[in-house]
Every structure is written in structure tokens, then in C-alpha cells.
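First comes the structure, then the notes that go with it.
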Amino acid sequence: MSITGIQVALVTPFHADGSIDDSGIAHHVDRMVEAGIHGLVPLGTTGEFTTMTHDERRHVTDAVIEAAAGRAKVLPHTGAQSTEETIELSRHAQQAGAAGVMIVPPYYDPLRLNELHAHLRAVGEAIDIPIVYYNVPGATGIRLTAAELADLGDIPNVDYIKDTSGDFSTVTAMLIGYADRITLFNGWDTLTFGALATGAKGSVWGMANLLPEQAVRLFEALAVKGDLAEGRRLWNGLWRVNDLLESHNYVAAIKGGLEAIGESAGPVRAPIQEVTAEVRDEIGAAVRQAQQL
């Protein structure tokens, strides 16, 4: 099974009291699917997994898979602070019908390379669906070279990488030198154009919560049609939104933007704080302008 295209790093809708909003999940998934999004990645950074219990994470996984109803692949994030917990969440995702899982390694005490391999191997041998390794050195303290990232492809079921390193040199080295070893998805908003133009097979993209149609059109222009002129035209309009999101707390900025365009996903959970009304309106204006592309 090949996974390609725009995989939206899905927000988690909450009620005003912070509880999970199942109807909000269903509505948001419908909006993404109807826009042509290729896949859904709930419970990543944008999905606020760090504020959730394991029971809540299992609940959101089930709710997103049910709402997607086979219309788009679902790849829940199942990374946790221990191998045992990661296996448990990953097995649940497979049993629920996930097409794959995304895994960030334990991120408090950075793993050594042999420990990272052992962790991923244990999970890969416990499930029968693909793993997307979530490469986010800023959160995990694990910064791998392109060759070390490619070596992860030798571990059972570790077939993909979401790269949120912000290091375009490593991204380029992966796409040009190691594409036959493991498939790289871009995961850093402002590098999306460059990654897709260089040959990335997809992107796990939080901005797609705000502009799903435009995200899909950018992918089709660059990765499918090779239409650099159309890709540049779209990116010229999308850049401002991506730059704004990266200039504030990312999760709060995404939810603020959704609020501004009438697609509220509810509040963020503490300790994250809402963006100011001024920032929310600025993001909303940029999104509305990009919707005209």
C-alpha cells in the first residue's frame, strides 16, 4: 500500500469545557474529505496529543476512522513515552482500521541511535501496518543524518518519515540520495513548496486544516503534473498563511484561523493559550485571501 499526497495534521475539536467534540470531529473530517484531502493524521502536534490521556487518544482515533468511513486513509499518531505504551496505542489503531501510524520517539530523555532502532523495531514487529517516523529534533533531541534516517527503512514496517526538522539540506539529501530506502513527507510548513518540487511524495500539513483545497491543488501542480508555474502561483498566495502560523504557537494559530473563517474547532487545551484577537483576525484575513486562489 502506497501512501502519498496531502495528509492533514488534523486538529482535535474540543467543546468549550475542553472535552472532545465528536460532532466537531465528524464535521471537520467531512470538510477535509470533501476538499480532496488524501489522508488524515490525528493526534499529532496539531492534534494536541500531549494534553490527552491514552483513553482520549484511543477515542479520537476511533472517531476519526469512523468519520472517514474509508474515504481517506487515517494514520493516527501513536508515539508515547515508553515502548509498551506505543505498541498498545499502535495495536489499537490497527484494530480500529488505521492505514498506518505515525510515531514520535520518547521525547524527554533523548534516545541513543541503538535505543531508537530497538524502540521502532519492537513496534514494527507488533503491528502489520506502515509506520511514519516523526522526525522532529526540536522536540525529541534526536537529530539524525540523512544516512541514519534512511537506515530506519530497514526496520520492519518503518516505510515513511515525516520530516519536521526544518533542515532543507537533509530533506534534499533524503529525496535525491535515499528515495529508494524510505519515503519522505514534508512536515515543515514553509518548506512545503521546496520539498514537493524536489520530489517529496506528500506532506503532513497542519495548514491544510484551513485551506484543504489549495493544499491539494499545490500537491497536484508540483508532485503530479510538474507544473512549476502553477505551483509558484499557488505558493505565492499560500506562503503568507504558512509564515503566520509559524510565527505564533502553531496549534493556537491553526485554531484561531479556523475560528476566524467560521469553522471553529473549539479552544486549545492548557497550557497552550489562545492567540490574541488581532492575530486571529490577521490569520483569518490571510486565509480568506488564499481561498481566492
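Every number here is computed from the coordinates shown, using simple stated rules; none is lab data. Since the model is a prediction, treat every value here as computed from it, not as a measurement. Neighbour counts run over all protein chains shown; Cβ positions are idealised from the backbone, glycine included.
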Qualifying residue in the range 73-92 (condition: over 29 Å from His248 (Cβ atoms) and without any contact (Cβ under 8 Å) to a residue 12 or more places away in the chain): yes
Number of the condition not met by Arg143 [criteria: (1) part of a loop (DSSP other than H, G, I, E, B); (2) touching a residue at least 24 places away in the same chain (Cβ under 8 Å)]: (2)
Qualifying residue in the range 88-110 (condition: touching a Pro at 6+ places or on another chain (Cβ under 7 Å), in a loop (DSSP other than H, G, I, E, B) and of a type in the set (A, V, I, L, M)): yes
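If I go through the range 266-291 residue by residue, how many of them are of a type in the set (S, T, N, Q) and closer than 22 Å to Arg31 by Cα?
First, the residues of the range 266-291 that are of a type in the set (S, T, N, Q): 273, 276, 289, 291.
Cutting the leftovers down to closer than 22 Å to Arg31 by Cα gives us 289, 291.
Within the range 266-291, residues that are of a type in the set (S, T, N, Q) and closer than 22 Å to Arg31 by Cα number 2.
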In the range 1-44, residue nearest to the chain's Cα centre (by Cα) [restricted to those that are surrounded by 19 or more Cβ atoms within 10 Å (Cβ to Cβ) and among the polar types (S, T, N, Q)]: Gln7
Enumeration of residues in the range 165-192 that are surrounded by fewer than 23 Cβ atoms within 10 Å (Cβ to Cβ), farther than 20 Å from Pro130 by Cβ and among the acidic types (Asp, Glu): Asp167
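Within the range 72-87, how many residues turn out to be among the polar types (S, T, N, Q) and in a helix (DSSP H, G or I)? Can you show your working first?
Taking the range 72-87 as the starting set, the residues that turn out to be among the polar types (S, T, N, Q) are 78, 81-83, 86.
Those left that are additionally in a helix (DSSP H, G or I): 83, 86.
Looking only at that region, the number is 2.
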Within the range 163-265, helices (runs of 4 or more DSSP H) holding 2 or more residues that are over 20 Å from Val29 (Cα atoms) and not β-branched (Val, Ile, Thr): 168-177, 192-198, 228-246
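Go over the candidates Val275, Val279 one by one and state the one that is part of a helix (DSSP H, G or I), free of Cβ contacts under 8 Å to residues at least 40 places away in the same chain, β-branched (Val, Ile, Thr) and over 17 Å from Leu211 (Cβ atoms).
Val279
Can you confirm whether the range 202-212 contains a residue that is surrounded by fewer than 20 Cβ atoms within 10 Å (Cβ to Cβ), in contact (Cβ under 8 Å) with a residue 12 or more places away in the chain, over 17 Å from Glu230 (Cα atoms) and not aliphatic (A, V, I, L, M)? Spell out how you get there, then give the answer.
Our first condition is that a residue be surrounded by fewer than 20 Cβ atoms within 10 Å (Cβ to Cβ); within the range 202-212, this holds for none.
Within the range 202-212 (the criterion being surrounded by fewer than 20 Cβ atoms within 10 Å (Cβ to Cβ), in contact (Cβ under 8 Å) with a residue 12 or more places away in the chain, over 17 Å from Glu230 (Cα atoms) and not aliphatic (A, V, I, L, M)), the answer is no, since none of the residues qualifies.
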Residue list for the range 147-179, filter: under 21 Å from Gln7 (Cβ atoms), over 20 Å from the mean Cα position of the chain (by Cα) and of a type outside the set (A, V, I, L, M): Tyr178
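So which residues in the range 197-249 are aromatic (Phe, Trp, Tyr) and farther than 20 Å from Gly39 by Cα, if there are any at all? I'd like the intermediate steps shown before the answer.
In the first step, residues of the range 197-249 are kept if they are aromatic (Phe, Trp, Tyr); the result is 205, 219, 235, 239.
Residues satisfying the conditions are Trp235, Trp239.
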Residue check for Arg57: assigned to a helix (DSSP H, G or I), under 27 Å from Gly141 (Cα atoms), in contact with a Phe, Trp or Tyr (Cβ under 7 Å, 6 or more places away or on another chain) and in contact (Cβ under 8 Å) with a residue 12 or more places away in the chain: yes
Residue, surrounded by the most Cβ atoms within 10 Å (Cβ to Cβ), within the range 83-131, restricted to residues that are over 21 Å from Leu149 (Cβ atoms), among the small types (Gly, Ala, Ser) and under 21 Å from the mean Cα position of the chain (by Cα): Ala93
Subset of the range 266-284 (residues that are buried (at least 16 other Cβ atoms within 10 Å of the Cβ) and closer than 29 Å to Arg233 by Cβ): Val275, Val279, Arg280, Glu282, Ile283, Gly284
Matching residues, the range 144-164, being among the hydroxyl-bearing types (Ser, Thr, Tyr) and surrounded by fewer than 20 Cβ atoms within 10 Å (Cβ to Cβ): Thr145
